[in-house]
1. Yes or no: ASP49 in contact (Cβ under 8 Å) with a residue 24 or more places away in the chain, surrounded by 15 or more Cβ atoms within 10 Å (Cβ to Cβ) and among the acidic types (Asp, Glu)?
2. Hey, can you tell me all the residues within the range 63-110 that are surrounded by 14 or more Cβ atoms within 10 Å (Cβ to Cβ) and of a type in the set (Val, Ile, Thr)?
3. Cβ-Cβ under 7 Å, sequence separation 6+ or interchain: first residue in the range 102-118 and hydroxyl-bearing (Ser, Thr, Tyr), partner in a helix (DSSP H, G or I). Which pairs?
4. When you go through (1) in contact with a Phe, Trp or Tyr (Cβ under 6 Å, 6 or more places away or on another chain); (2) at pLDDT 90 or above one by one for PHE51, which number turns out not to apply?
5. What's the total number of residues in the range 227-286 that are more than 15 Å from ILE209 (Cβ to Cβ), without any contact (Cβ under 8 Å) to a residue 60 or more places away in the chain and of a type in the set (Gly, Ala, Ser)?
6. Tell me which of these THR249 doesn't satisfy, since it passes every other one: (1) at pLDDT 95 or above; (2) assigned to a loop (DSSP other than H, G, I, E, B); (3) farther than 19 Å from MET141 by Cβ.
7. List pairs: first residue in the range 119-146 and farther than 18 Å from ASP49 by Cα, second residue of a type in the set (Asp, Glu) and at pLDDT below 75 anywhere in the structure, Cβ distance under 8 angstrom, at least six positions apart or on different chains.
8. For residues in the range 160-189 being in contact with a Lys or Arg (Cβ under 7 Å, 6 or more places away or on another chain) and outside any loop (DSSP other than H, G, I, E, B), which is modelled with the highest pLDDT?
Amino acid sequence: MLNFLPGFLVGLIATSLLILNILVWITPLMTLAFIKVLLPFTLVRKLLDPFLVGIAEMWISCNKGWMNLTQKVKWDVQGLGTLNPKGWYLVNSNHQSWVDILVLQYVLNRRIPLLKFFLKQELIRVPLMGMAWWALDFPFMKRYSKEYLDKHPEMKGKDIETTRKACEKFRLIPTSVMNFLEGTRFTETKHARQNSPYKHLLKPKAGGIAFAINAMGDQFDCLLNVTIVYPDGIPSFVDFLLGKMHKVTMRIEEVAIPEHFPKGDYTNDPAFREEFQNWVQTLWEEKDQQLELLKNGQSTEVQKTA
């Protein structure tokens, strides 16, 4: 534990180890990805994908190592008991900070298959990490404004097609598809602008997981509904590197996906769309209530939902 050091030293060490870890693993990752591009066959993908995932999991384990070295965090986690590292999961979580991603990876790495995040198209330009996400088949989504789509109607549905193509790749080996239903990080400003009906959450965007469920059919074992709370306040990424995050509370709940959902047509069937949105709204109402309890210091026991 190096957390006794001054914050700027903790931050310097943590940042250096973070960068070193990226440099160590990016070369073997990109080498295998290059082979996969040269030989774009399903058999080659099936052979190489487990090695790519193994590299990513080692990368995350090393991140966990430097986090343990430089941070002093109390972890309050419930709901890990029945998770399967060889299953298929659709994972959802509330979203407050970039730190959420490291926290999710810290807790879930090797307990479930590697988390594959839907990322904004612009993130592919992030040095080194953009290439790594591309190599691991993280789907990059390009969002279009309503005004743009009005002028370019041919672009309508492109994000849906991207989701479908990404999820088809996820069928080959056990995968956890990660989606932040809010679509962006929670802030009080965004909350007020949306006039959100939830106290601790932004409005959920159901379309993304609807398309993922449709594309994956009945392959998902369940939805993992994750709730994250930072009792000492939401940390920025810089706060985290400086060792200012002291406690994380996480609740993980397994939620069954209704059997008929994979066959539903979210785009063209208004009745199904309303049913799906109601299902998501119920999840969000329960999550908001759970957040209220956790933020007030009350523990919440997680039960497996039938």
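The values are calculated or read from the model by the stated rules, or taken from the named source; none is laboratory data. Owing to the predicted nature of the structure, the values given are computational and were not obtained by experimental measurement. FYI the Cβ positions are ideal-geometry reconstructions off the backbone, even for glycines, and counts take in every protein chain you see.
1. Values: in contact (Cβ under 8 Å) with a residue 24 or more places away in the chain: yes; surrounded by 15 or more Cβ atoms within 10 Å (Cβ to Cβ): yes; among the acidic types (Asp, Glu): yes.
So ASP49 passes the test.
2. THR70, VAL73, VAL77, VAL91, VAL99, ILE101, VAL103, VAL107
3. TYR106/LYS64; TYR106/MET67
4. Evaluating PHE51 over (1) in contact with a Phe, Trp or Tyr (Cβ under 6 Å, 6 or more places away or on another chain); (2) at pLDDT 90 or above leaves (1) as the failure.
5. Count: 2.
6. (2)
7. Close Cβ pairs (under 8 Å, with a partner that is of a type in the set (Asp, Glu) and at pLDDT below 75) amount to MET141/ASP159; LYS142/ASP159; ARG143/ASP159; TYR144/ASP159.
8. SER176
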